[in-house]
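> The following block contains the structure, expressed as structure tokens.
The values are calculated or read from the model by the stated rules, or taken from the named source; none is laboratory data. Here the structure is a predicted model, which means the values were calculated and not measured. Here Cβ is always computed from backbone atoms with ideal geometry, including for glycine, and neighbour counts include all displayed protein chains. Protein only, heavy atoms only, side chains kept; ligands, DNA and RNA dropped before computing areas. Shrake-Rupley method; radii C 1.70, N 1.55, O 1.52, S 1.80 Å.
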Amino acid sequence: MVEKLSDTDIHARLRDLPGWSLQDGKLTREFHFANFVDAFGFMTRAAMVAEKSNHHPEWFNVYNKVKVQLTTHEAKGISERDFALAATMDELAP
Ligand SMILES: C[C@H](O)[C@H](O)[C@H]1CNC2=NC(N)=NC(=O)C2=N1
């Protein structure tokens, strides 16, 4: 069973993820791309990683923007899995 992290841990870990913040109790970041195709390409790459890790984002795309929110449903909070996916998403975004 994956454990949810404490608020203290979450805020400490967020310092290593500039661009991400805590909104609605979820790790949140808005990615901006040059155009829709770049945005959708990012979502495609991220979707493959999410599926492989069985850990899926909540996200919203309008044109060149992708808003991502991460939380772990099984833990009813934010877990290590969310930080791992956030870091990977940062690597996938140019
Ligand atoms: C049954 C399936 O493995 C689970 O529902 C997985 C799927 N993807 C998931 N994604 C996220 N973000 N949190 C989860 O707890 C989760 N659980």
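> Starting from 0 in steps of 10 Å, tell me what percent of the Cα-Cα pairs of the chain lands in each bin.
Percent of Cα pairs in each bin: 17, 51, 27, 5.
> Okay, next question. I'd like to check one number: the per residue accessible area of the chain, probe 1.4 Å, reported in Å² as a whole number.
61
> Return the long-range amide H neighbours of LEU27 (sequence gap of 5 or more, or a different chain), with a cut-off of under 5 Å between placed amide H atoms.
Excluding prolines and chain starts, which carry no amide H, the hits are LEU70.
> Among THR71, THR44, THR28, determine the one that fluctuates most according to a GNM of the chain built with springs between C-alpha atoms less than 10 Å apart.
Comparing THR71, THR44, THR28 in the GNM, the peak value goes to THR44.
> At what distance in nm do the modelled label points of SER21 and ALA75 sit from each other, each positioned 7 Å from its Cα along Cα→Cβ?
So the label points at SER21 and ALA75 sit 2.2 nm apart.
> Okay, moving on. Restricting to DSSP loop positions (anything but H, G, I, E, B) with no more than 15 other Cβ atoms inside 10 Å of their own Cβ, which trypsin sites (Lys or Arg not before Pro) remain in region 32-94? Before the final figure, lay out the partial values.
Numbers: sites: ARG45, LYS52, LYS65, LYS67, LYS76, ARG81; in loops: LYS76.
Qualifying residues, ordered by number: LYS76.
> Sticking with this one: Over the chain, calculate the relative contact order: mean separation of alpha carbon pairs under 8 Å at least 6 apart, over the residue count, as a percent. Before the final figure, lay out each step's value.
On the way: 126 pairs, mean separation 34.0, N = 94.
The normalised contact order for the chain reaches 36 percent.
> Expressed as a rounded percentage, what relative contact order does region 34-86 have, with Cα pairs under 8 Å and six or more residues apart? Can you show the working numbers first?
Working: 49 pairs, mean separation 16.1, N = 53.
The value is 30 percent.
> Go ahead and estimate [θ] at 222 nm for the chain from helices alone: -39,500 (n - 2.57) per DSSP H run with n ≥ 4, summed, over the residue count, rounded to 500.
-13000 deg cm²/dmol
> If the only charges are +1 at each Lys and Arg Cβ and -1 at each Asp and Glu Cβ, what is the size of the charge dipole of region 7-92 around the Cα centre, to the nearest 20 debye? Present the calculation step by step, with values, prior to reporting the outcome.
On the way: 10 positive and 13 negative charges, 29 e Å.
So the magnitude is around 140 debye.
> Within the chain, what is the number of lysine pairs with alpha carbons under 16 Å apart, leaving out pairs fewer than eight places apart on the same chain? Before the final figure, lay out each step's value.
Details: LYS4/LYS26; LYS4/LYS76; LYS26/LYS67; LYS26/LYS76.
Lysine pairs meeting both conditions in the chain amount to 4.
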